[in-house]
Amino acid sequence: MKIPVLAAAVASTALSFAVQAADPVKIGFLVKQAEEPWFQDEWRHAEQAAKDKGFTLVKIGVPNGEKMMAAIDNLAAQKAQGFVICAPDVKLGAAVERQAKRQNLKVMSVDDRLVNGAGKPIASIPHMGISGYEIGRQVGQGLAEEMKARGWNPAEVGALRVAYDQLPTAKERTQGAVDALKEAGFPVANIVDAPQTRTDTESAFNAANIALTKQARFKRWVAFGLNDEAVLGAVRAAEGRGLRADSMIGIGIGGSKTALNEFAKPVATGFYGTVQISPKRHGYETAAMVYQWITANQAPAPVTLTKGQLMTRKNQAELTKAGG
Ligand code: FCA
C-alpha cells in the first residue's frame, strides 16, 4: 500500500514543480522617490528588460517604511518571485531581508545599499550602486578645473556641500568632492555644510538658503551634493541672492531630466555640470539579474559599482546620444 501513495506524492510534487516553472515571472521595482527623474529613468529601462525577457514589471513608489513593507506583501500576494529595491531608508535593510525571506521573494538593492542594525552593509543582498567616492572626486575635480579656467582666487570662494550624511552613498559622494577640492589646493575652511532633510530640490534649496545667508562674505561659490536635485536647489538659492552663472559653479550627479532641463535653457545657469551615471545599467541590468536569478537560479554578483562621466553644456548632446 505504501508504494503507490509515495508514487502519487512524487507525481504530484513533480506536477507542482512543472506548474511553478510555467508560472509567469513577475518582478517588483520599488523606489524611494518615484517622482525623481533618475528613478523614472530606471523604471523605463527596467520596463525594457521586462519586454526583452518576457516578464511583468511591477513598479511601486515606497516613500516610507510602512509603504515599503506593504509593497513587499503586495508583491507576494500578486505572486511575484522577486524585486529590486531602492529603500526610503537604508537602515530598513534587516526588515527588507526578513520580509523577502518570509514571502519567498528574491531581493536585490539598487543605488542605496542596505545596512543592518550595526550600520554594516548586508552582504547577502546583492547590490548595484555607483562608485560614490570616485564619482564625487570627479565632481570636485570638475569644480576645481572650472574655477581655474575662470581665474577665481580660491581664497575668496565658498564651497557649498549640500549634505545628506545619513545615507552612506551620499556621504561618500560629497567626501570624494571635498578630497578632490583639497588636493587641488582649495582651502578647507571655505567649505560650508548645508544639511538637507530629504534628497529633493526643495529641501536642498532650504538648506542652501540658510548656509548662503550665514556665509554672505563669499561672493563666489561652487556647489556639490549627492545628486542633481541637491545642486539644483543650491543653484536656485544662489539665484535668489543674485548669484548667477558667473558667480556659481554647481556640479551635480545624475544626468537625467533635472540636469538636461537646465542645459536646455537658452542662458546658462549656475548649474554648470553633472556627472552622468547610468539609469540603464541600474534599471535594465538589475531587473535582468533578478530575472536570471528566478529563472536560472543564478544569483547576481554580490556588488556591482558603476562609473560616471562629467557632462556639461559642451558635451551633453554627445553624451545623451551615447545613451548613458
Ligand atoms: C541615490 C540618490 C538618487 C540617485 C541614486 C543613484 O539613491 O538619492 O538621487 O543619485 O542614488
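Just so it is clear, none of the values below were taken in a lab; they were calculated from the coordinates. All values reported here derive from a predicted model rather than from experimental measurement. When we count neighbours, we look across all protein chains shown, and the Cβ atoms used for this are built from the backbone with ideal geometry, even at glycine.
As a proxy for reagent exposure, Trp152, Trp293 were ordered by neighbouring Cβ count within 10 angstrom, fewest first; the result is Trp152, Trp293.
Rounded if a/c is under 1.5, else prolate if a/b is larger than b/c, else oblate: which is segment 127-267, with a ≥ b ≥ c the root eigenvalues of its Cα gyration tensor? Judged from the Cα gyration tensor, segment 127-267 comes out rounded (a/c under 1.5).
The alpha-carbon of Lys321 sits under 19 angstrom from the alpha-carbons of these aspartates and glutamates, leaving out residues fewer than 8 places away in its chain: Asp41, Glu42, Glu262. Per-residue extension of 0.36 nm, minus the Cα-Cα distance of Lys265 and Lys148, leaves a gain of 39.7 nm for this segment. Of all DSSP-defined beta bridges confined to the chain, some 10% are antiparallel rather than parallel.
Out of every Cα-Cα pair that segment 16-121 contains, those further apart than 16 angstrom amount to 57 percent. Listed by chain and number, the aspartates and glutamates whose alpha-carbon sits under 18 Å from that of Lys91, ignoring those within fewer than 8 places in the same chain, are Glu66, Asp111, Asp112, Asp165, Glu172. Ranked by how many other Cβ atoms sit within 10 Å of their own Cβ, fewest first, the residues Ile191, Ile249, Ile277 fall in the order Ile191, Ile277, Ile249. Given the pairs Lys53/Lys265; Lys219/Lys265; Lys51/Lys265; Lys26/Lys314, which span a C-alpha to C-alpha distance of over 32 angstrom in this model? Over 32 Å apart, Cα to Cα: Lys53/Lys265; Lys51/Lys265; Lys26/Lys314.
Given +1 at the Cβ of Lys and Arg, -1 at the Cβ of Asp and Glu and no other charges, the dipole of the chain around its Cα centre is 160 debye to the nearest 20. For segment 149-212, rounded, prolate or oblate, judged on the Cα gyration tensor with a ≥ b ≥ c (square roots of eigenvalues), a/c < 1.5 rounded, else prolate if a/b > b/c? The shape class here is oblate. Were the residues from Ser124 through Asp89 laid out at 0.36 nm apart, the gain over their Cα-Cα distance would be 10.8 nm. In terms of other Cβ atoms within 10 Å, Val107, Val58 run from fewest to most in the order Val58, Val107. Modelled spin labels at Ala34 and Asn74, positioned 7 Å past Cα toward Cβ, are 0.6 nm from each other.
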